[in-house]
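Any read-out appearing in this document is the output of simple, stated calculations on the displayed coordinates, not a laboratory observation. Here the structure is a predicted model, which is why all the values come from computation and not from measurement. So basically every Cβ, Gly included, is an ideal-geometry build from the backbone, and we count neighbours across all protein chains shown.
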Amino acid sequence: MLGVNVPWYAALLALPVVLLYNWWRNPLNKIPTVGPSLPLLSYIGAYRFVYHAREMLQEGYLKHKGSTFKVPFFDRWMVVISGPTLVEELRRYPDDQVSFQLGTQELLQSKYTLGRQQIEDPYHVDVIREKLTRNLAILLPDVMDEIQHAFNEFISAESNEWIEVNALSVMAQIVARASNRIFVGLPHCRNAQYLKLAINFTRDVNKGRIILNMTPPFLRSIVARTLCPTSTTCKMTGRIIAPLVAERQQLQREYGANWVDKPNDMLMWLLDEAEGNETRLCHLMEMLLLINFAAIHTSSNSVTHALYHLAAQPEYIRPLREEVETLIGKEGWTKAALMQMWKLDSFMKESQRVNGINSTSLTRLALKDLHLSDGTHVPAGTVLVAAALPMHGDDEYYPNAADFDPFRFSKMREDGEGTKHQFVSTSVKYISFGHGKHACPGRFFAANELKAMLAYILLNYDVKFEREGVRPENNWAAMNIVPDPTAKVLFRKRQH
Ligand code: HEM
């Protein structure tokens, strides 16, 4: 009997030895860990990271500023670089050494949640850079029209009464409407079913990402097929948008270069880029949803963060309102007017600095072994990120960093530092939009849209919280930061 059991005892004894040996040989082992790093115990750290990412990242940043540390996920380690010098180094690595697409694939499981286009053919990045950004001035009147229309519908404060608004969800609706006015145009940007699909897609991607990151890799495609509704959402979106695509293709064939009133929107730019490319045409809805994913939750979270500051500290309404009123009076609702709103721009940037929508940035996958200047050796296959929120909260880079100082950046601009401190400007110390080659290409559009939304609020409403002066705490889910989704902002028609 004893003889039969011996191999089992041997295997049981060997298992921890093998685990420890592998752990000891892993080159990542030399990078300090926040939380337990021993095999199996690291799962406790991974569990802790889901609920306490903020504390863990802050602890790592304070202990290893200027260097690196790692935090555990259920299926991998994530190496976090800390401080401007290493941000600059990560930015400089070429795409054949570190990959943005594959880095986000690892964290978002984008192959399953967003579709393969994001990895295999990310042509939307150039479309956003070359078409959307260059057309901002021309497109602004449409965005403005949609913002006005959507606010009147969702926050119709006609009388002097305060009305309670479920801020995050309403901001998401308005952002979705204003963005889709430029993505698919009228009337589709007001199609309730389409907007619901676009907004919920973000929620589904995030849910899918969490589940898939906890699923062993060999089971992921099966789990994704059962639990990720990406292909269903694409089909349903297709049912709404496909007739529009067909109509445009028909007109393109008919008029070619002589199509005088050819639409100037995202769908048309994507169609132009997809012409003659069957794969692109086949995955057009996937691409449209991917762009909505990149645009909606980022922008609606950002504008809600700023709105919460405004509602918690209404003393900032007056100086902002004065600025907006003067410039709109002089220039009208133009890109030039928005660009001159330094105070509002600063308010947005400061809100992004203290809140952010993600506590890390510059997600990359190391494709080759990397040797960083602080002596860290990062093996190929490792996911790297930069600690964003801890750096944005560091007094060395932002004096009194814990304070929300809304005009911090406009004061710097007045002191002669020009455009360096604009909301859209990235730097090694300001990475809310990333930094370098893969810095968010949609940030110029987002800045215009969000400033236009806030300017509209300032001109048309008074805002406050029920508990005056108290800004609701942000919610955290691993590295993601969301303004309290249950908070209600009180709006009333502007009184003075
Ligand atoms: C306030 C709103 C936004 C924030 C905070 C934001 C933030 C970011 C960040 C942090 C990155 C990754 C940068 C990196 O890792 O280096 C990124 C990438 C990206 N963003 Fe945004 N974003 C916003 C709005 C938008 C909008 C409106 C669009 C589209 C119209 C967009 C499209 C993209 C795309 C396509 C990428 C990938 C870039 C690449 O592959 O090189 N974003 N964004």
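With the cut-off at 1.5 for a/c, could you classify the stretch 153-215 from its C-alpha gyration tensor as rounded, prolate or oblate? Don't skip to the answer; put the middle values down first.
Details: a/c = 3.85, a/b = 1.55, b/c = 2.48.
Since a/c reaches 1.5 but b/c is at least a/b, the shape of the stretch 153-215 is classed as oblate.
Work out, in µm²/s and without decimals, the Stokes-Einstein translational diffusion coefficient of the stretch 38-190 at 25 °C, 0.890 mPa s, Rh from Kirkwood over C-alpha pairs. All intermediate terms of the calculation are to be shown ahead of the outcome.
Values: Rh = 20.0 Å.
Approximately 123 µm²/s, per Stokes-Einstein.
Tell me which DSSP H helices of the chain clear both cut-offs, 24 Å or more of axial length from alpha-carbon atoms and a mean Kyte-Doolittle hydropathy of at least -1.0.
Details: long enough: 2-25 (34 Å, 1.03); 136-154 (26 Å, 0.52); 192-213 (31 Å, -0.05); 230-255 (35 Å, -0.50); 284-312 (42 Å, 0.91); 443-460 (25 Å, 0.79).
The answer, listed by residue number, is 2-25, 136-154, 192-213, 230-255, 284-312, 443-460.
Over the Cα atoms of the chain, how large are the radius of gyration and the largest Cα-Cα distance (Dmax), in Å?
24.4, 94
Report the far tail of the P(r) of the stretch 201-340, meaning the percent of Cα-Cα pairs longer than 26 Å.
Summing the P(r) of the stretch 201-340 above 26 Å gives 53 percent of all pairs.
Would you mind ranking 17, 223, 79 so that the residue whose beta carbon has the fewest other beta carbons within 10 Å leads the list?
With the sparsest Cβ surroundings first, the list reads 17, 223, 79.
What distance in nm separates the simple spin-label points at residue 282 and residue 488, each placed 7 Å from Cα in the Cβ direction?
5.0 nm
Express the C-alpha Rg of the stretch 180-272 as a ratio against the empirical globular expectation 2.2 N^0.38 Å, rounded to two decimals.
1.40
How many angstrom lie between the Cα centre of the stretch 185-211 and the Cα centre of the stretch 36-52?
About 33 Å separates the Cα centre of the stretch 185-211 from the one of the stretch 36-52.
What spacing in nm lies between the two simple spin-label points modelled at residue 334 and residue 380, each 7 Å away from Cα in the Cβ direction?
About 5.4 nm separates the two model spin labels.
Suppose only helical runs count, i.e. DSSP H with n ≥ 4. What mean residue ellipticity at 222 nm does that imply for the chain under -39500 (n - 2.57) per run, divided by all residues and rounded to the nearest 500 deg cm²/dmol? Mind showing how you got there, number by number?
Values: 21 runs with 272 residues, N = 496.
That comes out to -17500 deg cm²/dmol.
Say the dipole of the chain comes from +1 at the beta carbon of Lys and Arg and -1 at that of Asp and Glu; which of 425, 282, 43 then lies farthest toward its positive end?
43
Return the distance in nm (one decimal) between the two label points of a simple spin-label model at residue 253 and residue 396, each offset 7 Å from Cα along Cα→Cβ.
Label-label distance for residue 253 and residue 396, simple model: 6.3 nm.
Can you tell me which of 165-174, 328-337 comes out highest on packing, and rank the rest after it, using the mean Cβ neighbours within 10 Å?
Final packing ranking: 165-174, 328-337.
When Lys and Arg each count +1 and Asp and Glu each count -1, what net charge do the other residues less than 15 Å away from residue 372, Cβ to Cβ, add up to?
Within the 15 Å Cβ shell, the charges total +3.
On the first, second and third principal axes, largest extent first, how far apart are the outermost C-alpha atoms of the stretch 276-344 in Å?
Principal-axis extents of the Cα atoms in the stretch 276-344, largest first: 54, 30, 13 Å.
Which stretch or stretches of the stretch 295-310 have amide N atoms under 18 Å from the point lying 7 Å from residue 135's Cα along the Cα→Cβ direction?
The answer is 295-296.
Between residue 459 and residue 403, what is the FRET efficiency for a Förster distance of 25 Å, r being their Cβ-Cβ separation, to the nearest 0.05?
Efficiency, from the Cβ-Cβ distance: 0.35.
Let me know the shape class of the stretch 106-232, please: from the alpha-carbon gyration tensor, a ≥ b ≥ c as square roots of the eigenvalues, rounded when a/c is under 1.5, otherwise prolate if a/b is greater than b/c, or oblate.
Since a/c reaches 1.5 but b/c is at least a/b, the shape of the stretch 106-232 is classed as oblate.
What's the long-distance tail for the stretch 239-283, i.e. % of Cα pairs beyond 17 Å? Walk me through the intermediate numbers first.
Working: 261 of 990 pairs.
Considering the stretch 239-283, 26 percent of its Cα-Cα pairs are separated by more than 17 Å.
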